[in-house]
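The values are calculated or read from the model by the stated rules, or taken from the named source; none is laboratory data. Small disclaimer: the values here were computed from a predicted structure and weren't measured. All Cβ positions, even for glycine, are placed from backbone atoms using ideal geometry, and neighbour counts span all protein chains on display. Please note that ligands, DNA and RNA were not included when accessible areas were found on the heavy atoms of the full protein model with its side chains. Shrake-Rupley method; radii C 1.70, N 1.55, O 1.52, S 1.80 Å.
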Protein chains: 2
Amino acid sequence: LHIELINTGTELLLGRVLNSHQQWICQQLADRGYEVTRQVCVADSAAQIRSAVNEALSRADLVITTGGLGPTSDDLTREVIAELFGKTLVIDVGVLAEIEKFFALRKKPVPERSKVQALVPEGSIVFPNRNGLAPGLATNRGGMNENNPQWLIMLPGPPRELRPMFIEFALPFIQKQFPASSPFFFRTIRTAGIGESAVADRVSEPLQQLIASGLELGYCARVGQVDVRVAARNQRADELIRSAERIVCEQLGDFVFGFEEDQLEHVIVRELTAHKKTLLVAESCTGGQIANRITNVPGASAIFLAGQVTYSNEAKQKFLGVRAETLAQHGAVSEAVAREMAEGARKQTGADFALSVTGIAGPNGGSDAKPVGTVFIGLTGDFPTVVIRNSNPFDRVTFKEVTATQALDLLRQKLMQPK
Amino acid sequence: LHIELINTGTELLLGRVLNSHQQWICQQLADRGYEVTRQVCVADSAAQIRSAVNEALSRADLVITTGGLGPTSDDLTREVIAELFGKTLVIDVGVLAEIEKFFALRKKPVPERSKVQALVPEGSIVFPNRNGLAPGLATNRGGMNENNPQWLIMLPGPPRELRPMFIEFALPFIQKQFPASSPFFFRTIRTAGIGESAVADRVSEPLQQLIASGLELGYCARVGQVDVRVAARNQRADELIRSAERIVCEQLGDFVFGFEEDQLEHVIVRELTAHKKTLLVAESCTGGQIANRITNVPGASAIFLAGQVTYSNEAKQKFLGVRAETLAQHGAVSEAVAREMAEGARKQTGADFALSVTGIAGPNGGSDAKPVGTVFIGLTGDFPTVVIRNSNPFDRVTFKEVTATQALDLLRQKLMQPK
């Protein structure tokens with residue numbers, strides 16, 4: 001099965017916005033055993049869209065487009081596709097009724113230009129839009145033979161309209177039209193605290209036999225994390241994936257923190273909630289990023305008491321009880337200060353765990369003994385305080401991200417340790 | 001001038017990573033008056049790369065590829081391009097020397113497979129890689145006529161190798177090979193606190209005359225922000241852009257917070273630094289995002305005293321001095337608590353400004369009177385405390401982002417106000 005994705009949008013080619021559709025749609029499809037073979041991005045121009053769609057149709061069984069379904073003059077996808085497929089645009093009464101309802105609720109007349117959003121190539125299948133006005137559309141034409149028509153799916157541009165529509169309507173439609181020829185299974189195993197080549201060194205050899213039986217193996221390195229992805233599509237796929245997961249987890253041990261969409265902060269909130277424990281975070285150089293990531297998790301309020309972003313020395317003394325002598329003797333970026341920050345934070349509030357970070361984010365502030373990128377991470381609880389020293393010599397924003405990930409992982413490892 | 005961009009990488013089509021090259025390269029080119037007309041993403045397969053490059057060469061004057069220059073078996077770009085251009089791969093002695101130096105410094109022998117990175121299509125121009133081993137390469141072949149050869153530029157995949165190389169070597173090369181036929185100027189004017197259609201309503205009419213003279217006008221809506229982008233490419237371009245900027249700023253007044261790459265947090269750090277003022281942030285529902293954004297700005301430590309992420313009621317009382325009666329009487333999400341958080345935060349530390357946020361991020365915790373998305377933002381200083389109430393009924397992560405932007409913008413407007 002050959003699938004191509006076409007993203008339309010002049011702003012994409014001007015580099016004004018990131019093409020998040022590409023990753024999101026490709027991932028949704030890959031996770032169900034479908035792979036996109038090509039992705040193309042063109043401007044909002046009828047000639048460009050026509051040429052890209054025509055080329056894709058010369059190769060693909062299924063073409064998916066995003067964008068260009070709005071009510072303005074640069075929304076051209078609907079017209080171009082109808083023309084290419086030799087179909088008339090007709091009013092879909094169901095869609096028109098939805099549009100009328102939308103404006104009636106807001107006590108406004110339907111703007112003339114919004115009515116074009118009810119036009120669909122004749123015979124199209126309509127995917128309702130629960131978060132906007134432009135419906136998704138699926139239209140087809142005879143392919144090489146009548147039993148294998150080529151399909152084209154048009155999706156609206158805004159992510160909050162596209163994503164729910166894709167999950168609720170487009171994916172089931174694709175799965176029905178193009179059923180998988182063999183079972184497909186995959187698993188993403190997520191690790192932290194170990195580099196990509198070290199991960200590969202540990203798992204590639206033990207997986208050789210499964211690879212010979214059809215297992216596909218891939219790695220994806222992120223900032224401070226490496227994902228191992230295994231997939232299989234044959235009669236033994238389910239069994240292959242279960243064996244592969246067991247081997248990867250054995251080989252990587254504590255470096256494994258989760259699966260699929262898990263993030264370190266999810267695991268932390270889940271573990272703390274399960275054990276009814278609370279957390280306080282004292283951050284200097286990460287500037288609130290750890291607190292921000294933890295509070296992205298729904299339900300974090302049950303375990304997260306507070307975050308102290310003590311950027312100045314005064315704040316470290318006032319809110320965390322770090323001693324002036326310690327600051328004077330060791331400097332703000334030191335093992336001793338990381339320790340006092342964590343212990344002080346815990347004492348202030350009676351939190352079960354306290355995590356602290358102090359370091360030099362740069363670009364300035366480094367010295368020979370403590371160059372830019374130096375960081376101390378402290379963790380305390382009902383156990384002896386731990387302080388680790390790392391070197392993260394990256395640009396400021398990457399430094400913060402890597403350091404926050406290391407701090408979260410220190411806590412995660414402690415929480416997942418067998419007692 | 002017709003430019004196409006080809007990103008190679010199986011992980012892109014599996015949706016494992018975001019294609020940040022696309023936005024970054026397109027933006028760098030657009031800001032210098034060059035527009036990419038098509039971007040294509042294909043897997044690391046010789047057949048796919050060959051077909052994509054061939055198609056691009058049938059249309060473009062300049063093709064840029066990213067990725068596939070590493071030392072492993074799925075790095076195929078170099079070979080495929082050499083074959084398409086009918087050129088032999090030859091060892092570049094300069095590149096080989098760099099590779100040997102790299103491993104000598106690390107006291108390791110040169111791995112056999114790393115030597116392929118010294119292979120270049122004969123006659124290529126080499127762009128040094130200051131952050132890795134694979135050099136960038138520019139190679140050409142006769143186009144329609146001898147005076148207009150077609151160029152192909154190959155860039156390495158890792159962003160920290162690609163970006164400096166693109167700026168230092170690829171861009172000057174492109175500007176020399178394809179000099180602009182007319183002057184090009186552009187300006188991005190950034191606004192906050194006003195929606196896209198309201199921005200368009202205010203500026204499109206007053207800009208009509210300039211548009212008739214060749215001004216290009218575009219909008220880009222982000223979360224809580226709208227950019228207005230004006231560009232012109234003719235003999236009057238400079239003057240057109242200056243006039244357009246003046247008109248846009250007049251029409252949008254205080255909604256304009258900056259230009260080009262400015263972000264609200266940059267403007268805030270800049271203004272506070274210039275006036276030697278300090279800031280404290282007291283966050284509840286934004287969970288540290290405001291502190292995190294401010295501390296992304298180099299030099300933030302000069303103005304940012306501390307952030308208090310007081311997620312629990314106890315923390316609001318202990319660290320900010322919010323009164324138990326106020327919490328009991330009005331609830332944690334209230335005008336009164338936002339006011340006490342800001343005033344308490346300022347009193348604790350003597351900061352010149354204190355910003356506070358309390359709200360309901362969801363998905364749970366809403367009520368009829370205060371549904372999910374309700375937020376109160378407070379600002380205090382040497383002026384009467386201001387508290388605004390907003391409704392941001394979005395998913396949790398979007399809610400945090402929009403709310404943080406609104407809070408930063410409240411402070412920004414105060415700082416930019418004429419005294």
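Looking at the stretch B:354-371, can you tell me whether even one residue there is within 13 Å of another protein chain (Cβ to nearest Cβ), in contact with a strand residue (DSSP E or B) (Cβ under 7 Å, 6 or more places away or on another chain) and not aliphatic (A, V, I, L, M)? Yes, the stretch B:354-371 has at least one match. Residues in the stretch A:49-61 that are touching a helix residue (DSSP H, G or I) at 6+ places or on another chain (Cβ under 7 Å) and open to solvent by less than 40 Å² (accessible area, probe 1.4 Å): A:Ile49, A:Val53. Pull up the stretch B:207-227, narrow it to residues that are part of a helix (DSSP H, G or I) and of a type in the set (A, V, I, L, M), then point me to the one that is farthest from B:Leu410 (Cα to Cα). That would be B:Ala212. Just one of the listed residues (A:Val80, A:Val90) is of a type in the set (Val, Ile, Thr), at negative phi and not in a helix (DSSP H, G or I), namely A:Val90. Look through B:Ala104, B:Ala56 and report the one residue that is of a type outside the set (Lys, Arg) and without any contact (Cβ under 8 Å) to a residue 12 or more places away in the chain. Unique residue meeting the criteria: B:Ala104. Restricting B:Leu411, B:Leu415 to residues that are of a type in the set (A, V, I, L, M, F, W, C), within 26 Å of A:Ala282 (Cβ to Cβ) and touching a residue at least 24 places away in the same chain (Cβ under 8 Å) narrows the list to B:Leu411. The single condition among (1) closer than 30 Å to A:Leu410 by Cα; (2) open to solvent by 20 Å² or more (accessible area, probe 1.4 Å); (3) within 14 Å of chain B (Cβ to nearest Cβ) that A:Glu250 does not meet is (3). Looking across the stretch B:188-203, the residues that are surrounded by 14 or more Cβ atoms within 10 Å (Cβ to Cβ) and in contact with a strand residue (DSSP E or B) (Cβ under 8 Å, 6 or more places away or on another chain) come down to B:Thr188, B:Ile189, B:Arg190, B:Thr191, B:Ala192, B:Ile194, B:Glu196, B:Val199, B:Ala200, B:Val203. Set side by side, the residues A:Glu239, A:Glu245, A:Glu271, A:Glu250 differ, and just one is more than 25 Å from B:Pro158 (Cα to Cα), in a helix (DSSP H, G or I), touching a Leu at 6+ places or on another chain (Cβ under 8 Å) and not β-branched (Val, Ile, Thr), which is A:Glu271.
Would it be correct to say that B:Thr139 is under 18 Å from B:Leu5 (Cβ atoms) and modelled with pLDDT of 85 or more? So B:Thr139 passes the test. B:Ala138: under 28 Å from the mean Cα position of the chain (by Cα) and within 14 Å of another protein chain (Cβ to nearest Cβ), yes or no? Answer is no for this residue.
Only one of the listed residues (A:Glu245, A:Glu271) is over 22 Å from A:Thr403 (Cβ atoms) and under 23 Å from the mean Cα position of the chain (by Cα). That residue is A:Glu245. The set of residues in the stretch B:40-59 that are part of a loop (DSSP other than H, G, I, E, B) and over 28 Å from B:Arg16 (Cβ atoms) comprises B:Ser58, B:Arg59. Annotation note: of A:Ala300, A:Ala315, the sole residue that is within 7 Å of chain B (Cβ to nearest Cβ) and open to solvent by less than 30 Å² (accessible area, probe 1.4 Å) is A:Ala315. Scanning the stretch A:395-409 for residues that are at pLDDT below 95, open to solvent by 10 Å² or more (accessible area, probe 1.4 Å) and of a type outside the set (Lys, Arg) gives A:Asp395, A:Val397, A:Thr398, A:Glu401, A:Val402. All but one of (1) of a type in the set (D, E, K, R); (2) buried (at least 17 other Cβ atoms within 10 Å of the Cβ); (3) within 14 Å of chain B (Cβ to nearest Cβ); (4) touching a Gly at 6+ places or on another chain (Cβ under 8 Å) hold for A:Asp74; which doesn't? Tallying (1) of a type in the set (D, E, K, R); (2) buried (at least 17 other Cβ atoms within 10 Å of the Cβ); (3) within 14 Å of chain B (Cβ to nearest Cβ); (4) touching a Gly at 6+ places or on another chain (Cβ under 8 Å), A:Asp74 fails exactly one: (2). Return a yes/no flag: does the stretch B:304-312 have any residue that is on the phi < 0 side of the Ramachandran plot, at the interface with chain A (Cβ under 9 Å from one of its Cβ atoms) and open to solvent by 50 Å² or more (accessible area, probe 1.4 Å). No, that holds for no residue.
Among the residues of the stretch B:26-48, write down those that are under 22 Å from B:Val230 (Cβ atoms), within 7 Å of chain A (Cβ to nearest Cβ) and open to solvent by less than 20 Å² (accessible area, probe 1.4 Å). Listed by number, the residues that qualify are B:Cys26, B:Ala30, B:Val36. Taken over the stretch B:1-19, the criterion of being within 7 Å of chain A (Cβ to nearest Cβ) and touching a helix residue (DSSP H, G or I) at 6+ places or on another chain (Cβ under 6 Å) is satisfied by B:Leu13, B:Leu14, B:Gly15, B:Val17, B:Leu18, B:Asn19. Number of residues in the stretch A:278-292 that are facing another protein chain (nearest Cβ under 8 Å) and open to solvent by 10 Å² or more (accessible area, probe 1.4 Å) equals 2. Looking across B:Val230, B:Val281, one residue alone is outside any helix (DSSP H, G or I) and modelled with pLDDT of 95 or more. It is B:Val281. Of the strands (runs of 3 or more DSSP E) entirely within the stretch A:326-394, those holding at least 1 residues that are farther than 27 Å from B:Pro298 by Cβ and either aromatic (Phe, Trp, Tyr) or open to solvent by 20 Å² or more (accessible area, probe 1.4 Å) (or both) occupy A:353-359, A:383-391.
Where strands (runs of 3 or more DSSP E) sit wholly within the stretch A:125-185, none has at least 3 residues that are without any contact (Cβ under 8 Å) to a residue 24 or more places away in the chain and open to solvent by less than 60 Å² (accessible area, probe 1.4 Å).
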